Amino acid sequence: QVQLVESGGGLVQPGGSLRLSCAASTSIISIYTMAWYRQAPGKERELVARITSGGNTYYTYSVEGRFTLSRDNAKNMVYLQMNTLKPEDTAVYYCNTVPIIDRAWGQGTQVTVSS
């Protein structure tokens with residue numbers, strides 16, 4: 001059974017940085033396209049960034065140039081480096097595969113950008 005555990009969130013001022021980590025219980029990271037999703041209060045969950053097994057990345061327009069997604073297959077880890085954070089980045093961030101594995105959703109990690 002796949003388990004994904006997110007960490008690294010917190011409270012940060014606008015313009016600050018955070019690095020999120022996603023730990024997988026299996027080696028799915030090296031097989032699947034992995035992604036970070038986020039859900040802000042009152043909004044639907046959205047895909048933020050994804051990385052293929054071959055290392056190709058995609059970023060949603062609102063984070064392109066500010067966020068960087070990386071993967072460490074040997075450690076079964078996926079990372080999201082978030083720079084120049086904005087209040088609109090405030091959300092719970094989750095990692096999962098593309099396409100999504102419903103039973104793999106973790107608790108997420110809260111990111112709050114506020115002065």
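Pairs linking a residue in segment 36-47 that is in contact (Cβ under 8 Å) with a residue 12 or more places away in the chain and surrounded by 15 or more Cβ atoms within 10 Å (Cβ to Cβ) to a residue that is basic (Lys, Arg) and not in a strand (DSSP E or B), with Cβ atoms under 8 Å and 6 or more positions apart or on different chains, are TYR37/ARG45; ARG38/ARG45. State yes or no: is SER17 touching a helix residue (DSSP H, G or I) at 6+ places or on another chain (Cβ under 9 Å), of a type outside the set (A, V, I, L, M) and open to solvent by 50 Å² or more (accessible area, probe 1.4 Å)? When the stated conditions are applied, SER17 does not pass them.
Select from segment 48-69 the residues that are exposed (fewer than 14 other Cβ atoms within 10 Å of the Cβ) and closer than 23 Å to GLY15 by Cβ and list them in ascending order. If the condition is that a residue be exposed (fewer than 14 other Cβ atoms within 10 Å of the Cβ) and closer than 23 Å to GLY15 by Cβ, then TYR61, SER62, GLU64, GLY65 are the ones that fit.
Results for (1) modelled with pLDDT of 95 or more; (2) not polar (S, T, N, Q), shown as yes or no for each residue.
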{"position": "LEU20", "(1), (2)": "yes, yes"}
{"position": "ALA24", "(1), (2)": "no, yes"}
{"position": "TYR32", "(1), (2)": "no, yes"}
{"position": "ARG45", "(1), (2)": "yes, yes"}
{"position": "THR52", "(1), (2)": "no, no"}
{"position": "TYR61", "(1), (2)": "yes, yes"}
{"position": "GLU88", "(1), (2)": "yes, yes"}
{"position": "TRP105", "(1), (2)": "no, yes"}
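Within segment 87-104, being surrounded by 14 or more Cβ atoms within 10 Å (Cβ to Cβ) and more than 15 Å from TYR32 (Cα to Cα) holds for ASP89, THR90, ALA91, VAL92, TYR93, TYR94.
The values are calculated or read from the model by the stated rules, or taken from the named source; none is laboratory data. Only a predicted model underlies this, so the values are computations on that prediction, with no experimental measurement involved. Don't worry about glycine lacking a Cβ; one is built from the backbone with ideal geometry, like all the others, and counts go over all protein chains shown. Note: areas computed on protein heavy atoms with side chains; ligands, DNA, RNA excluded. Shrake-Rupley method; radii C 1.70, N 1.55, O 1.52, S 1.80 Å.
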